[in-house]
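Data block below; observations after.
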Amino acid sequence: MPTTNHARTCPLCEAACGLKLRVEDGRVAGVRGDAEDVFSRGFICPKGASLGALHDDPDRLRTPIVRRAQDPDTNSWEEVTWEEAFAEVERRLTPVLQSEDRNAIGVYSGNPNVHNLDGLLYGREMRRALGTENIFSASTVDQMPKEVASGLLFGSTGSIAVPDLDRTDFLIMLGANPWESNGSMCTAPDFPGRLKNIQGRGGRFVVVDPRRTRTAEHADEHLAIVPGTDALWLMAMIHVLFDEDRVQLGKLASLTVGVETIGQRSEAYAPEVVAPITGIAADTTRRLARELAATPRAVVYGRIGTHTTEFGTLAAWAVDALNLLSGHLDVPGGAMWPLPAHRRPRVAGPGRGFTIGRRHSRVMGYPEVRGEYPAATLADEILTDGPGRIRALLTVAGNPVLSTPDGARLARGLRTLCCMISVDPYLNETTRFAHVILPPPSPLERSHYDLALYGLSVRNVAKWSAPVFRQAGPSEADILARLTLIARGQPASTDPTVVHHALVNGALARCQRQNAALAGRPIEELSASLVAERPVDRLVEILVRGGAYGDGFGSRPGGLTFEQLRDTPEGIDLGPLMPRLPDLLETRSGHVELAPQPIVEDLARLGQRLSGPQGAGLLLVGRRDLRSNNSWMHNLRPLVKGPERCFLQMHPEDASELGIEAGHEVRVANATGSVTVTVQLTDLIMRGVVSLPHGWGHNAPGSRLSVAAERPGVNSNSLTPSTRLDPLSGNATLNGIPVQISRA
Ligand SMILES: Nc1nc2c(c(=O)[nH]1)N[C@H]1C(S)=C(S)[C@@H](COP(=O)(O)OP(=O)(O)OC[C@H]3O[C@@H](n4cnc5c(=O)[nH]c(N)nc54)[C@H](O)[C@@H]3O)O[C@H]1N2
Ligand SMILES: Nc1nc2c(c(=O)[nH]1)N[C@H]1C(S)=C(S)[C@@H](COP(=O)(O)OP(=O)(O)OC[C@H]3O[C@@H](n4cnc5c(=O)[nH]c(N)nc54)[C@H](O)[C@@H]3O)O[C@H]1N2
Ligand code: SF4
Ligand SMILES: [Mo]
């Protein structure tokens, strides 16, 4: 077979790098960064380089499997045909569907959906068909606070402002470590290189993190902050702007309401008051607030360390508030919004606004947020008896046993389900409780276009990648379509084409409603003009042709077409971010709502933190490692070889007070659980803080992760309480968790 080369966007993290894969004899013989990719220009990390290893991993499931024994700990899995698998899904799911209690079915969707056209375009249809309110996802152990803050401020959870990295001269970055993570809610391939470029053009960047991370080591300044106190520090920054008369709204003055309210509410947060709680000296805070206000191109950016805390939404809101009040929102070099090729700009004017709590979860009474309940309460809904109790669960691309709070309790709950179906390529800590596992094709067997990430990107870019290999089984869209049909009560053998047709026609009708130029043209005619073949690609084609740069199905000659995407495998650069206000605003007032009621009320809770008891003891935070990806790539030897990565970081002085020495096995414990792990002493972490990575603990009986099981590590979420949530978003508090440490 001849050697072939394939350009591809990497689907493994938010950086969306362009890769070049060399295929020889039907196998991936090499992966390198694609120097011609318009966005990443050759950047690659070790994970992207292991895409071939992922494709070839013998533990990756290629056929559906069904569990025959009641006890998940025994290995009773049997390979079945796809027809048998769907028949088994129907047999198990139908009684629950017919019980008239649709909430008896729960759905958990995990992170890889974000990088997968099939999951993004078909998951919603499946959830809708199930008709349950019990929807959960990894969003509430991640970015939901930023979505809620953006919803309240700008009217839509999708309107997330990103730092204009390539044009800023001063960046304050909180709770992010892009040197390891490659960036999040800010799609920027070679994030480290872009940070170095800030310095290269004479600018500065400052990192706020309890650990002196690799990112902090490269920064011009590092501020060690007490975990969970970012919202207080950001309020102190806002305080300085008002106190020293440095608020500058610029063009946003006429577009913003609530500025005075925030001025009043910030009075209590003088840097001097906040300093003993955050650990950041008052004069440092004042100096940075002045520098932010005085630098024309400057921006504040906060990520997971700020979001996964008890004040996550307030911290996320305060980042945007600080950008706005210092004149750095919607201007080059500040925080801006992308306009991806698959979206259309709105016409300016009042929108529908955003509300939380349209209903409440059954057991804990948590408010619904963007149609979901907190992942942290999934176990409550399974374990607590009564009408509406979850008895059947679908997981799609998620591993909540390792990724969400109190994994051991969730595992106890999953064991009791009468029906669990997982769409997942691995038999792991979560899917081992399933009755049927339906494996999707490998990432190299599907097409790719970043529907989610181009909405968070530091440049407007469009790139579509063709599959490298033909898929062996059904596509993930087919799998989800068949689940949709079963949920609708159709026989398991129904051809999923009906779902594909309905989605494509629905998308065409929507496109027509939004494009006046298409009025009156028959759907059949629009449909006949599509050139893409697979249903997911036809959906992308519709969005792009009807989108901001599209050809409008011939009504805007010269506009973007699917042929252009297909024939430009290195991607199409659509230019730097452009100002988007006011057309982007979807609030009811049509303004930026700086002081929405939920935020003002929650600021009262933050105020109590000023006078409340300051916690003693050690606080646990997480961390990420370049060669890891949440919980699911520890089975690839090229990534996990080398030194052990799952260990506890601790400051030497904290250790010596407890009689702990380097390399000791220690017991980390709190009321939720305990783990035993090796300790590494390092002054990279501030005193009073310890750090453990998440996503480990691969020693569950009955799982099939032969490489990962050799060095399983421990599950840090054994220590995460399921009840300490950010009240506005329902997001779990994953950082700043009190723990006790002793020699094991
Ligand atoms: N303590 C602590 N906990 C955390 C975090 C933290 O910082 N600290 N981070 C949180 C964050 S940010 C996130 S996003 C969550 C992640 O939480 P989850 O999304 O629940 O977990 P992942 O580890 O990403 O697991 C992904 C699953 O998807 C499967 N998968 C991979 N590719 C595909 C595919 O193409 N299709 C399908 N159907 N399945 C696929 C994998 O086998 C795996 O089972 O974890 C959160 N948990
Ligand atoms: N290599 C690798 N890359 C990944 C992932 C992975 O698992 N591995 N996961 C992907 C996913 S799903 C996501 S969401 C992104 C996340 O990407 P990032 O947001 O960059 O996440 P982290 O690298 O975990 O960095 C978070 C930092 O917050 C710090 N921190 C903890 N608590 C606090 C606090 O209270 N305040 C402040 N200011 N800082 C705090 C931690 O010490 C840590 O250095 O990464 C993505 N990329
Ligand atoms: S940085 Fe992310 S997108 Fe780029 S190669 Fe690595 S895993 Fe893939
Ligand atoms: Mo995430």
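The values are calculated or read from the model by the stated rules, or taken from the named source; none is laboratory data. Just so it is clear, the structure is predicted and the values come from calculations on it, not from any experiment. Please note: Cβ atoms are built from the backbone with ideal geometry, for glycine as well, and neighbour counts cover all protein chains shown.
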Going residue by residue through segment 147-155, is there one that turns out to be within 14 Å of ligand 2 (Cβ to nearest atom) and not acidic (D, E)?
no
Residue under question is S447, and the condition is that it be in contact (Cβ under 8 Å) with a residue 40 or more places away in the chain, at negative phi, among the small types (G, A, S) and not assigned by TED's automatic domain parsing to the domain that holds C13; does it hold?
yes
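Could you check segment 30-50 and list, in sequence order, the residues that are assigned to a loop (DSSP other than H, G, I, E, B) and within 16 Å of ligand 1 (Cβ to nearest atom)?
Hit for segment 30-50 is S50, nothing else.
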Check on T140, farther than 24 Å from C13 by Cβ and polar (S, T, N, Q)
no
Test: L130 is more than 15 Å from ligand 3 (Cβ to nearest atom), in contact with a Leu (Cβ under 6 Å, 6 or more places away or on another chain) and either under 30 Å from D380 (Cβ atoms) or aliphatic (A, V, I, L, M) (or both):
no
Could you check segment 159-180 and list, in sequence order, the residues that are within 12 Å of G302 (Cβ to Cβ) and either away from ligand 1 (no atom under 16 Å from the Cβ) or in a helix (DSSP H, G or I) (or both)?
A161, V162, P163, L171, I172, M173
Of all residues in segment 678-699 being at pLDDT 95 or above and within 25 Å of T431 (Cβ to Cβ), the one that is surrounded by the fewest Cβ atoms within 10 Å (Cβ to Cβ)
P693
State which residue is nearest to G695 (Cα to Cα) when the search covers only segment 84-110 and only residues that are touching a Ser or Thr at 6+ places or on another chain (Cβ under 7 Å) and either assigned to a helix (DSSP H, G or I) or at pLDDT below 95 (or both).
N103
So, in segment 209-242, of the ones that are surrounded by 23 or more Cβ atoms within 10 Å (Cβ to Cβ) and among the acidic types (D, E), which residue ends up nearest to L292 (Cα to Cα)?
D230
Given the conditions (1) over 21 Å from T682 (Cβ atoms); (2) part of a loop (DSSP other than H, G, I, E, B); (3) in the same structural domain as P598 (by TED's automatic domain parsing), which single one is not true for S156?
(3)
Within segment 413-455, residues hydrophobic (A, V, I, L, M, F, W, C), within 28 Å of W337 (Cα to Cα) and buried (at least 24 other Cβ atoms within 10 Å of the Cβ) come out as none
Just checking, which of L620, L603 is in contact (Cβ under 8 Å) with a residue 40 or more places away in the chain, closer than 25 Å to G736 by Cβ, away from ligand 2 (no atom under 15 Å from the Cβ) and surrounded by 19 or more Cβ atoms within 10 Å (Cβ to Cβ)?
L603
Since E14 meets every condition but one in (1) in a loop (DSSP other than H, G, I, E, B); (2) more than 15 Å from ligand 1 (Cβ to nearest atom); (3) not polar (S, T, N, Q), which condition does it not meet?
(2)
Farther than 29 Å from D243 by Cα, β-branched (V, I, T), more than 21 Å from the chain's Cα centre (by Cα) and surrounded by fewer than 24 Cβ atoms within 10 Å (Cβ to Cβ): does that describe V363?
yes
Could you check, for segment 649-660, whether at least one of its residues is within 30 Å of N113 (Cα to Cα), touching a residue at least 60 places away in the same chain (Cβ under 8 Å) and within 12 Å of ligand 2 (Cβ to nearest atom)?
no
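Would you check which residues across segment 51-74 are among the small types (G, A, S) and more than 16 Å from ligand 1 (Cβ to nearest atom) and list them?
Result: A69, single match.
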Restricting attention to segment 51-71, report how many residues are in contact with a Leu (Cβ under 8 Å, 6 or more places away or on another chain) and part of a strand (DSSP E or B).
1
Quick check: is even one residue across segment 702-711 modelled with pLDDT of 95 or more, away from ligand 2 (no atom under 16 Å from the Cβ) and of a type in the set (S, T, N, Q)?
yes
Could you tell me how many of the residues in segment 694-714 are away from ligand 1 (no atom under 14 Å from the Cβ) and over 23 Å from R623 (Cα atoms)?
3
Inside segment 671-710, can you point out the residues that are among the polar types (S, T, N, Q) and in contact (Cβ under 8 Å) with a residue 40 or more places away in the chain?
T672, S674, T676, S691, S703, S706
